[in-house]
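Remarks on the structure that follows.
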Amino acid sequence: MERHFHEQLQELKKKLTTMSRSVEESIEKSIRSFMLRDAGLADEVFRMDDVINRMEMDIDDDCLKLLALQQPLAADLRFIMAAMKINNDLERMGDHSVNIAGYAKSLIGTEAVPPINRIPAMAKIALGMVSESLAAFVEGDADRARLVCLKDDEVDAMDDAIFKEVLRLPHPGPESVSRSLALVLASKNIERIADLSTNIAEEVIFIVQARTIKHHSELSVIEDRRAR
Amino acid sequence: MPNPTNPIELVTRDFSFYYGNYQALTSISMDVERNRVTAFIGPSGCGKSTFLRSLNRMNDIIPGTRVEGKVLLGGVDIYNKDVDVVDLRRKVGMVFQKSNPFPKSIFDNVAYGLRIHGERNPSAVAQRVEESLRAAALWNEVKDRLDKSAMDLSGGQQQRLCIARALAVRPEIVLMDEPASALDPLATQKIEELIFELKKDYTIIIVTHNMQQAARVSDTTAFFYLGELVEFDETKRIFTNPKEKKTEDYITGRFG
């Protein structure tokens, strides 16, 4: 017989999945608003953030109740600890998409600069990492989670490339500087979203294998895989 | 097995126990560390209490039982024919699930074991009674009524009295069989705090059905199932990341 408690854990998993879908949608909208300089889309991102924040508080509350009332142990304890962190990571991602939507608004009425064309490809990888890390969480698949961690370097390199390209642009006046800054900061926010998805992937590995790989404590393992 | 940090107090090797034809324990090998708390957990009928009671030969009184393997205390097998069982039970004391004070005064309850073991000097007895009641965190509550009946104490006090009675004969090991299962949360907390204090001077082995209690009080935990020792490791490891699936299933309530 399935324990009521374990049904509650499944419910918690469902809530995190729902939240992650909202976060992915918000990221995706923020990127579109940035590329299209669309104020309406940016406003949608701001509205979605309220919803995401409420989801975060609701999930926090669930986790607190489960810890206090069920006193979970072993895999269940690891699951709830990880769920609290994933919840936090997702909420932060929502904040990053709000930032990107804010930069989108600041760009309205300005001329596009070429490095912006790198953003969609970068955002695509970051969004893929978010959905893959969540899929790994739902499936309890540590291998899938590890692959997410490996993707992070690609996003870092793209962020770096945008920054270098922006440095080479002519900046005749304050307006061009602020335009370039918006681009660099948007890129940085996408890079942070990718980082947060590797956090989620690390939490998945913690749940499944009770191993901590964050802060490069298992870097050699990841590098071995990359070499293959 | 946990990596021992303390000297080994008690060793069992391939210890099996039979009630008639029924094998209750199968080949249990375990090293119990000195001045540590070892918890035995497992579902009812898993053999944990049988194993606990085997460690001071409490099962001897049950007809038709027999053992195989060894239980070594100080290098001597306690099942050797020439072992004095009364002396063994002095070294390996026991506290039971239901507090069982004698219908005597508080003082006489604690002094009982001393007198059996031949202590006749009244001041020595009085001193040891006080020491034991202090060690069992009961002295302040009973010092003014030592001549009153032990039966008038509360359940929690009676259980601490039984602990004092066990300590009075200066055991090396104290076995506790569900010592707090009949107590309210406050009395339970007192017993748990007491266990923490007692491990400085004694080796404690506790059987408990309350997994949170095992997690709180013990340093190492042994999980028994169907008469076998499934896993024995540091308590922290057992309750966060056990090696065996059976252990994980049991402590997360996914059993059966």
State which residue pairs qualify: first residue within 14 Å of another protein chain (Cβ to nearest Cβ) and inside region A:2-22, second residue part of a helix (DSSP H, G or I) and buried (at least 17 other Cβ atoms within 10 Å of the Cβ) in any location, beta carbons under 6 Å apart, and separation of 6 or more residues or different chains.
A:PHE5/A:GLN70
Kindly indicate whether any position in region B:200-223 is surrounded by fewer than 23 Cβ atoms within 10 Å (Cβ to Cβ), among the charged types (D, E, K, R) and within 14 Å of another protein chain (Cβ to nearest Cβ).
yes
Subset of region B:122-151 [loosely packed, with under 13 Cβ neighbours inside 10 Å and either β-branched (Val, Ile, Thr) or over 14 Å from B:ASP108 (Cα atoms) (or both)]:
B:ASN140, B:ASP144
Given the options A:ALA157, A:ALA161, A:ALA68, name the one that is surrounded by fewer than 22 Cβ atoms within 10 Å (Cβ to Cβ), farther than 30 Å from B:ARG237 by Cβ, of a type in the set (A, V, I, L, M, F, W, C) and without any contact (Cβ under 8 Å) to a residue 12 or more places away in the chain.
A:ALA157
With the condition kept exactly as written, say whether any residue in region B:232-241 is in contact (Cβ under 8 Å) with a residue 40 or more places away in the chain and more than 14 Å from chain A (Cβ to nearest Cβ).
yes
So A:LEU127 clears everything in (1) at pLDDT below 95; (2) part of a helix (DSSP H, G or I); (3) of a type outside the set (Asp, Glu); (4) more than 30 Å from B:THR240 (Cβ to Cβ) except one condition, right? Which one?
(1)
Is it the case that A:LYS85 is farther than 30 Å from B:GLY253 by Cα and either more than 14 Å from every other protein chain (Cβ to nearest Cβ) or outside any helix (DSSP H, G or I) (or both)?
no
Residue check, B:PHE196 out of contact with any His (no Cβ under 9 Å at 6 or more places or on another chain), closer than 15 Å to B:LEU52 by Cβ and not charged (D, E, K, R):
no
Under 8 Å between Cβ atoms, which residue pairs at least 6 apart in sequence (or on different chains) link something in region A:174-187 that is touching a residue at least 12 places away in the same chain (Cβ under 8 Å) and of a type in the set (Lys, Arg) with a partner that is surrounded by 15 or more Cβ atoms within 10 Å (Cβ to Cβ) and outside any helix (DSSP H, G or I)?
A:ARG179/A:VAL113
I'm told B:PHE102 meets every condition in (1) part of a loop (DSSP other than H, G, I, E, B); (2) more than 24 Å from B:ASN56 (Cα to Cα) except one. Can you identify the failing condition by its number?
(2)
For region B:242-256, name all the residues that are of a type outside the set (Asp, Glu), at the interface with chain A (Cβ under 9 Å from one of its Cβ atoms) and not in a loop (DSSP other than H, G, I, E, B).
B:THR247, B:ILE251
Cβ pairs under 9 Å, 6+ apart or interchain, first in region B:149-164 and touching a residue at least 60 places away in the same chain (Cβ under 8 Å) and closer than 16 Å to B:MET176 by Cβ, second of a type in the set (Ser, Thr, Tyr) and in a helix (DSSP H, G or I), ordered by first then second residue, are B:ILE163/B:SER132
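The values are calculated or read from the model by the stated rules, or taken from the named source; none is laboratory data. None of these values were measured; they are calculated from a predicted model. Heads up, the Cβs are rebuilt from the backbone with ideal geometry, glycines too, and the neighbour counts pull from every protein chain shown.
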